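Just below is one structure, and these are the notes that go with it.
Nothing in this text is a laboratory measurement; each read-out follows from the coordinates by a stated rule. Predicted model only: the values in this text are computed from it and were never measured. As a convention, Cβ positions derive from the backbone with ideal geometry for all residues, glycine included, and neighbour counts pool all protein chains shown.
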Amino acid sequence: MKRNLLILGFVTILQLGVGLAQQVPLLVARQGYADIILTNGKIVSMDDRSNIPNTPGNIAEAMAIKGKKIMALGSNAEMRRLAGSETRLVDLGNRTVIPGLVATHFHLYGNAARTYGPSQGLTDPSIKLTVVAETTAEGTAKKVRDALVNAIQVQQIPKDRWITVNLLESKDNEIGTTFTWVYLGNINRRQWDSVTPDNPVAVKTGGTHPLFNKVAMDAFIELFPDFEESVDLENGPGSALDGYVGVPGMDALSWEFWWKDEPLEKLSEALRLFGMDLQKLGITTVATRIVAPRIVAAYNRLNRESQMPHRLAYFIESQRGRHFGLQFTREFYKATGAPWTDHVNGGEMLWLNGMCNEIWDSIYNEVCLGDDVSASPEIKARERCPGPGSKPWESYKAAIVSGWRPAQAHGTSSHGARLYIQMLDEAMKEGNYSIEYMRNLRTTMEHAFLLGNVPDVMAGIKKYGIMINVTPIHLSRVPDILDDYGESLRSFVMPVKTWINDGHRVTLEANGSDFWTAIYTLVTRRIIKQGTDEWVELVPEEGIDRVTALKMATTWASEYMLAEDTVGTLEPGKYADFAVLEEDFFTIPVEGILDGISVVMTGLGGQIVHDQLN
């Protein structure tokens, strides 16, 4: 009797266990209850990777998150079954959810320094002057010289004190005129060296592209012995004599010169605070070149202390930031052993994604169209085209041969892209690599606003699987460039729709941190002409649908930083990086996209890092 009772009890317990198992979802049995469940939303996965228009992928009502990753997507009822007593339920109120935005090319450290540097004691110690350019290079140089003489005398500027001159464009000049004068040497340091024998001077055109006087050059040579060679390799022979040090000089002036003795904690905190601003915009992953080693150190400090405010894929550009000569540039990449990685095999929040030498051709007036488009000799003379022996060419080739992934070269225009392809041909041959190996590097070209659709260039881009990363804001420069080159240039103006239809992978660089204006421009092909308040429409037949534009900033953008297996879409097993939008991006009138989409909640690695829902 007792034996029968024991058997009956065992069977009852077994049956009860089976019943409980049937009541507990398999996901909970395997993973435990969800930590967070988003309900009552329009959760757009963006998991369709095709180039078919208006294909966002799966759409769900709710999403469950466990730890750092997405657990499941489904209906409200299905996801609620994954909730336990400790699960946080978030009612989205029918709002739209998209993957966290991916900033493919964002110089965030410069913005961080300007925005939060002063609060950390990271300041520009120079005396600051502003000069508005004249309509001639000679008149402008004289005006700069006179301003320096007057300031030194009137302000009694002490010896060795830095002076920076912000040279603004005249309203009577074409946009970019001063850049051209500086690049061609029409304005140069010799025009004011004699009146500044005791003070280092940087004359900045448009906030970048500085000219150093002799005293400033000498100060940099003490810190960077190859400085003059580096400047000539970067910008062309004679640039150091002119004092034209370009963008790397300005970056180094802050991070590697003025702030070289500042505690790393200050640099890290400025970067962290700026990253928290990006969270409010729904930006969860960023790719950037990093010129200065101090910036690399500051981000790695944040990462070690688990304080990274976003994921960061970075590209080393040390040959520019430390002003290496040609020999050391080659040795640097050969000696480092190519430690770049993808996201799966790299760091969760920070990974070294390759190398770059960002300046290839230029985003300013010095485009590189070669024989593809004709113009007057004066216009063609200012085109910036790299070649063998230049720093861009040699640093990319040396890195590729040594095993590095190359990325973020300015591919502004058609002949510049052609030259990049020629460099890849050389590197592949010298490194004895297969075309499959080269394609798997997923090299990228940036900006592309005059890349066009020239057959041999596009064939080379397809051959190497080059990702085209477009920057819609640069279309604002096109009307002035059309005036220079004529209507034959119009077909070169960022033919995004054609590229996508032809099977090229095209991604999106936001307007700084503004994705919505950039998307609006891609959809409507409307842009405000630079230096005016005039709206212009450029090649409207190349407009794309808004879903495809969003893929360029999420789905496909994750491929840019070799992270498509971890971020960029909302799928189970991927990191729970998401943005909750106040407006429905997919249905509002297109003009509403221009007004801006409000991000009311941001998730990063399963944590809600920005919340305005309540």
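Label separation (R304 vs T135): 5.9 nm, computed from points 7 Å beyond Cα along the C-beta direction. Neighbours of V291 by Cβ distance under 9 Å: Lys/Arg scored +1, Asp/Glu scored -1, total -1. Considering only trypsin sites (Lys or Arg not before Pro) in DSSP loops that have at most 11 other Cβ atoms within 10 Å, the longest stretch of the chain without any of them is 172-614.
Within a straight-line Cα-Cα reach of under 13 Å, K66 can be paired with the following aspartates and glutamates, leaving aside sequence neighbours fewer than 8 residues apart in one chain: D35, E86, E571, D577. Fully extending the segment from S488 to S374 would add 40.2 nm, taking 0.36 nm per residue of separation and subtracting the current Cα-Cα distance.
Secondary structure note: in the chain, about 45% of the DSSP beta bridges are antiparallel. What the Kirkwood sum gives for the chain is a hydrodynamic radius of 26.1 Å, with every pair of different alpha carbons counted.
Highest average first, the peptides 562-570, 408-416 ordered by how many other beta carbon atoms sit within 10 Å of their residues are 408-416, 562-570.
Summing charges over neighbours of E61, with a neighbour being any other residue whose Cβ is under 15 Å away from its Cβ, gives +1 when K and R count +1 and D and E count -1.
Each Lys and Arg Cβ is given +1 and each Asp and Glu Cβ -1; about its Cα centre, the chain then shows a dipole of about 2080 debye. Quick one: Kirkwood hydrodynamic radius for the stretch 123-258, alpha-carbon pairs, angstrom, one decimal? For the stretch 123-258, inverting the mean 1/r across all distinct Cα pairs yields 14.7 Å. Taking a cut-off of 12 Å, what percent of all Cα-Cα pairs in the stretch 61-100 are separated by more than that? Of all Cα-Cα distances in the stretch 61-100, 61 percent exceed 12 Å. Using only Cα atoms and rounding to the nearest 10 degrees, what angle (0 to 90) does helix 2-23 make with the longest principal axis of the chain? On a 0 to 90 degree scale, this one is about 30.
The angle separating the long axis of helix 391-401 from the principal Cα axis of greatest extent in the chain is about 40 degrees.
Relative to the longest principal Cα axis of the chain, at what angle does helix 264-279 sit, 0 to 90 degrees, rounded to 10? Tilt of helix 264-279: around 60 degrees. Positive end of the dipole of the chain, charges at C-beta (+1 Lys, Arg; -1 Asp, Glu), about the Cα centre: which of Q31, A252, S491 has its Cα farthest in that direction? The residue sitting most towards the positive pole is Q31. The local environment of D91, defined by Cβ-Cβ distances under 12 Å, has a net charge of +2 under the rule Lys, Arg +1 and Asp, Glu -1.
Within straight cross-link reach of K462, meaning Cα distance under 26 Å, which lysines are found once same-chain residues fewer than 8 apart are removed? Partners found: K391, K397, K429, K497, K551. Straight Cα distances below 20 angstrom link K68 to the lysines K280, K574, with same-chain residues fewer than 8 positions distant left out.
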